[in-house]
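First comes the structure, then the notes that go with it.
The values are calculated or read from the model by the stated rules, or taken from the named source; none is laboratory data. Since this is a predicted model, take the numbers as computed values, not measurements. Reconstructed Cβ throughout: ideal geometry from the backbone, glycine too, with neighbour counts over all protein chains shown.
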Amino acid sequence: MFVECGWTVVRAGRVAGILASLVCVAVVAQAEEWLQFRGPKGTGISTSKAKLPQELGPQKHVLWKVDVPTGHSSPVVSKDRIFLTGVRDKKLFTMGRDRSSGKLLWEAEAPVDELEKIHLTGSFAQSTPATDGDIVVSFFGSSGLHAYDRDGKALWSHRMGPFKNDFGAGSSPIIVGDSVVLVQDHDVDSFVAAYDKKTGKQKWKTDRSEFFRNYSTPVIWDVNGKKEIVVSATLRIVGYDFETGVEKWTVTGVARIINMTPVVGPDNTLYAACFSPGAEANDKIVPPSVDEIFVSDTDKNGTIEENEFPDNPLKKRFSQIDRDKDGHITRDEYRAVSRALGEGRNVVVAIKPGGTGDITKSHVKWEYTQQIPYCPSPLIYNEVLFMMRDGGILTSLDAQTGKLLKRGRLTSTGGFYASPVVGDGKLYLMSQEGDLSVVSAKGEWEEISSAKFDADGHGTPAIVDGRIYARLGDQLYCFGLPDQTAGL
């Protein structure tokens, strides 16, 4: 609800004079919000009835744009504020901005002793902040978890990182009730934990050391009146009890590394897309046995160093196999990674709620194994599942059956990191190269428009009350139709 105040002049009939009084009028309107990565419950869907543009471009339907520090995190929106993270001069910032103009209201620097290692295409500001409207929580793999009030006052922090992961941290925190939930999967010391959102006190922490680096932000699944934290990761999807962090169920037979976040459909089916390079039928990595690798242990010290590793496709993954990053691969390290490489499957699964234990055979409704994305998370809209793959390949499936409805290539044929979002019956898709496409959100989808921006695109756009907030390079754009003023 927003409050507007104005002067009201009251005339007293024939009584001489005019009585002027200040009247504060409350305009009751339930404003939409986009409080975490992928918005409401991680769905990527705007529920506002406000109309949205069919075409976006550097000069097309731009309401405002402002310079921002670089970063790959997505904007989140609450009431009159936009919250974002970024990096400038190797310093990490959380920012609060005015929603109507993009003007900077505050920024807070996160303490850093050492910047983490990141991928060549990565950023030191990859994780999207979360908010409940009053508290803003941001996460940096070089620094940890930090909480502020909506005006930027520091509330609490948990120092963490850098983690043992050459690609950097990427999954995002979420706020659920009075808890902040954080999953961090790295080459060692992976975990899921819950913290009190007001004090930062750790409520519980569950070891996930079996899982390698993954980038799946958790999703909350409401099942039989209780909340479950669902995480997609190495070889299996896991559901944890929200209150205790105890594992409740698992689905096995998925990919080695998972970047995508699951999504819960309107009928409470959970959908998870799982893809990792080297697991496709025409590009399958078959790891040599432990004994075949350790024949190359020429110095007989019981480990394999990089100069000893045999010349095969796994050599370029030496650092990933060396999980503790000490420069030596042990037999246990190699066994763990080669098992994941050998067993990983690229697959989309639809899972029924209500299971316990291993529910792979009992609760998986259907599987789909073709043209699965690497980074963009799937989206469910009007019983259609949409997936956006590198090369500009968009796939739509019947969400109930997994049947292919349509697959085609967009104008943009580049890579895709940002996840699809939908509003006003339209999909908005942003490529890594900064192409922004608009597509009709139906099973037999059609591309409506496509525009090129001279900037990279990594963060997922936010759609709130007829406004699209998109980060492209070092600028934050607000797109919309000029007659849409809801929530502003």
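Answer with yes or no whether Tyr374 is assigned by TED's automatic domain parsing to the domain that holds Asp241 and under 16 Å from Ser232 (Cα atoms). Answer is yes for this residue. Among the residues making up region 387-404, those that are assigned to a strand (DSSP E or B) and either surrounded by fewer than 17 Cβ atoms within 10 Å (Cβ to Cβ) or β-branched (Val, Ile, Thr) (or both) are Ile393, Thr395, Asp398, Leu404. Among the residues of region 184-203, not a single one is touching a residue at least 60 places away in the same chain (Cβ under 8 Å), in the same structural domain as Thr369 (by TED's automatic domain parsing), of a type in the set (A, V, I, L, M) and closer than 20 Å to Phe275 by Cα. Scanning region 377-422 for residues that are of a type in the set (Gly, Ala, Ser) and either more than 18 Å from the chain's Cα centre (by Cα) or outside the structural domain of Val439 (by TED's automatic domain parsing) (or both) yields Gly391, Gly392, Ser396, Ala399, Gly402, Gly408, Ser412, Gly414.
Pairs meeting the criteria (first residue in region 98-119 and of a type in the set (Phe, Trp, Tyr), second residue exposed (fewer than 15 other Cβ atoms within 10 Å of the Cβ), beta carbons under 7 Å, at least 6 apart or on different chains) are Trp106/Asp151. Number of residues in region 326-350 that are buried (at least 16 other Cβ atoms within 10 Å of the Cβ), farther than 23 Å from Ile237 by Cβ and touching a helix residue (DSSP H, G or I) at 6+ places or on another chain (Cβ under 7 Å): the value is 3.
Taken together, the criteria place Asn268 among residues that are over 30 Å from Phe309 (Cβ atoms), of a type outside the set (Lys, Arg) and either in contact with a Cys (Cβ under 9 Å, 6 or more places away or on another chain) or assigned to a loop (DSSP other than H, G, I, E, B) (or both). The criterion of at least 1 residues that are out of contact with any Leu (no Cβ under 6 Å at 6 or more places or on another chain) and outside the structural domain of Ile229 (by TED's automatic domain parsing) is met by the following helices (runs of 4 or more DSSP H) wholly inside region 295-369: 318-321, 331-343. Taking strands (runs of 3 or more DSSP E) that do not extend beyond region 189-250, which have at least 1 residues that are under 16 Å from Thr356 (Cα atoms), modelled with pLDDT of 95 or more and in contact with a strand residue (DSSP E or B) (Cβ under 9 Å, 6 or more places away or on another chain)? Here the list reads 219-223, 226-233, 236-241.
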